[in-house]
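Contents: one structure, followed by commentary.
The values are calculated or read from the model by the stated rules, or taken from the named source; none is laboratory data. As the structure is a prediction and not an experimental result, all values here were calculated from the model. Glycine also receives a Cβ, built like all others from the backbone with ideal geometry; neighbour counts cover every protein chain displayed.
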Amino acid sequence: MHDFTYKNSELYAEAVPVRKIAESVGTPLYVYSHNTFLRHFNAYRNAFDGQPHTICFALKANSNISILKLLAKNGCGADVVSGGELHLALKAGIPPEKIVYAGVGKTEQEIVQALRAGILMFNMESSDEMLAINEIAGRLKKKAPVALRVNPDIDPETHPYISTGLKESKFGIPIEEALEHYKLAGKLPHLEIRGIHKHIGSQITTIKPFVDSLQKVILLAKTLRSHGIAINYIDMGGGLGIPYNNEHPPHPSELSKAILPLLKGGNFNLILEPGRSIAGNAGIFVTRVLYLKKHLGSEPDQPEKMFVIIDGGMNDLIRPSLYNAYHNVLPVKQNNRRKVISDVVGPICESGDFLAKNRKLNTVSRGDLLAVMSAGAYGFTMSSNYNSRPRAAEVLVKGSKFYVVRERETYKDLIRGSKIPEFLK
Ligand SMILES: *Cc1c(COP(=O)(O)O)cnc(C)c1O
């Protein structure tokens with residue numbers, strides 16, 4: 001559920017017409033709903049009420065500092081995968097004891113940063129990393145709180161690029177090898193074992209992979225405890241899907257109904273790392289139609305195709321190009337004009353630069369606004385300056401007010417940090 005709805009044929013973000021925001025801020029831009037973010041976060045909070053738990057929002061889905069502050073204010077923690085994300089989480093006021101840190105390639109500098117900050121735990125992904133964290137913690141005269149990311153070899157049945165829990169993936173340690181890794185960790189003097197971590201993938205739309213993988217993890221936890229290894233936290237990762245098109249992913253309350261019985265009596269502190277399911281449908285990407293171009297079908301029975309050329313592209317929202325992801329495209333002002341098969345494409349010089357393909361859209365005109373739905377997660381965070389395009393603005397709507405929470409980049413930003421060597425001057 002989200003707060004982008006039509007009133008009198010006009011798309012609104014909460015109580016603000018999207019057109020009004022676009023006219024004031026320009027396009028392309030991201031628009032987020034305060035209400036939706038909060039509702040999605042509270043859905044998790046309510047679902048796991050009664051079970052000791054921490055919800056650690058995965059920053060890589062959306063790391064706008066105002067969004068993070070909004071979540072922090074409501075008691076949310078953070079799942080970070082880089083020193084930059086750790087910095088942002090702390091800046092937003094997320095307490096370090098609610099921050100977990102995953103990722104296969106943490107640098108020494110990042111490990112030092114996290115140790116100094118006093119995070120809840122490192123989710124370690126290899127024995128090399130384990131040795132490195134131990135060594136660095138020793139040097140800083142600290143004990144590093146750690147969990148091992150295990151790979152439960154469960155197929156989340158999602159896109160291969162966002163599937164992380166299969167054997168062939170680079171993430172985590174195969175669950176069969178976990179015991180020996182934990183034994184090694186137990187011998188390292190500067191580590192304090194706190195739990196087990198797993199994260200099997202993203203945009204998962206059924207309960208079963210969550211249940212199956214959690215069962216394996218709980219079994220491991222019991223084995224570890226029988227070897228005298230203290231497991232207080234089970235971090236079940238993120239990955240719950242959202243409806244982009246016709247998917248019907250489970251609600252957090254259905255997820256909790258399925259997994260809380262498994263945890264019962266285990267005396268575990270549960271950590272959840274949702275990203276997409278909190279942010280995805282809390283944001284849209286708004287863009288303006290620049291030009292229309294009609295291609296007649298090459299065969300007589302082939303329908304004509306319309307290219308709707310917009311001012312937003314794959315540098316702004318790469319998911320369609322990268323994952324062939326589906327995003328619904330809606331007119332900001334509805335009309336009853338003839339429906340045409342359309343490709344919605346950006347201005348980037350790449351054939352892969354499209355936001356939607358073969359959609360039956362009502363005819364649009366130059367200057368019309370389009371809303372690319374479900375763009376709140378992995379939208380802006382994956383954007384780039386490709387084709388030297390300044391990155392889009394971000395706006396947060398709350399009730400009848402809207403706030404620019406990141407200015408559109410300017411040409412100045414395109415050369416920020418660049419240097420010209422003397423011989424080229
Ligand atoms: C990406 C990621 C998440 C968030 O995944 P979503 O599908 O956005 O919920 C959580 N944990 C880890 C370790 C991740 O890499």
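A compact table of results
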{"read-out": "From the options GLY275, GLY237, residue that is over 19 Å from VAL211 (Cβ atoms), within 16 Å of the ligand (Cβ to nearest atom) and either basic (Lys, Arg) or surrounded by 15 or more Cβ atoms within 10 Å (Cβ to Cβ) (or both)", "value": "GLY275"}
{"read-out": "Residues within the stretch 59-82 that are assigned to a helix (DSSP H, G or I), surrounded by 20 or more Cβ atoms within 10 Å (Cβ to Cβ) and either within 14 Å of the ligand (Cβ to nearest atom) or not small (Gly, Ala, Ser) (or both), tallied", "value": "4"}
{"read-out": "Selection within the stretch 307-342 - under 9 Å from LEU355 (Cα atoms) and in contact with a helix residue (DSSP H, G or I) (Cβ under 6 Å, 6 or more places away or on another chain)", "value": "MET314, ILE318, ALA325"}
{"read-out": "All positions within the stretch 245-278 that are within 23 Å of ALA102 (Cβ to Cβ) and among the hydrophobic types (A, V, I, L, M, F, W, C)", "value": "LEU255, ILE259, LEU262, LEU263, PHE268, LEU270, ILE271, LEU272, ILE278"}
{"read-out": "Check on GLU254, away from the ligand (no atom under 13 Å from the Cβ), in the same structural domain as ARG319 (by TED's automatic domain parsing), more than 30 Å from ARG408 (Cβ to Cβ) and of a type in the set (Asp, Glu)", "value": "no"}
{"read-out": "Unique match (being free of Cβ contacts under 8 Å to residues at least 60 places away in the same chain, basic (Lys, Arg) and within 16 Å of the ligand (Cβ to nearest atom)) among LYS187, LYS183, LYS198", "value": "LYS198"}
{"read-out": "Counted residues, the stretch 1-29 - those being touching a Ser or Thr at 6+ places or on another chain (Cβ under 9 Å) and farther than 14 Å from GLY367 by Cα", "value": "11"}
{"read-out": "Candidate set: the stretch 83-105, residues that are farther than 21 Å from ILE234 by Cα and outside any helix (DSSP H, G or I); chosen: the one nearest to the ligand (Cβ to nearest atom)", "value": "GLY105"}
{"read-out": "Matching residues in the stretch 373-389 - criterion: being surrounded by 15 or more Cβ atoms within 10 Å (Cβ to Cβ) and either free of Cβ contacts under 8 Å to residues at least 60 places away in the same chain or under 17 Å from the mean Cα position of the chain (by Cα) (or both)", "value": "MET373, SER374, ALA375, GLY376, ALA377, TYR378, GLY379, PHE380, THR381, MET382, SER383"}
{"read-out": "Flag for VAL112 being under 17 Å from the mean Cα position of the chain (by Cα) and either outside the structural domain of SER374 (by TED's automatic domain parsing) or within 16 Å of the ligand (Cβ to nearest atom) (or both)", "value": "no"}
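Here's the yes/no breakdown for (1) touching a Lys or Arg at 6+ places or on another chain (Cβ under 8 Å); (2) within 16 Å of the ligand (Cβ to nearest atom):
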residue: ILE310; (1), (2): yes, no
residue: ASN315; (1), (2): yes, no
residue: LYS333; (1), (2): yes, no
residue: ASN336; (1), (2): no, no
residue: VAL340; (1), (2): yes, no
residue: LYS360; (1), (2): yes, no
residue: ALA377; (1), (2): yes, yes
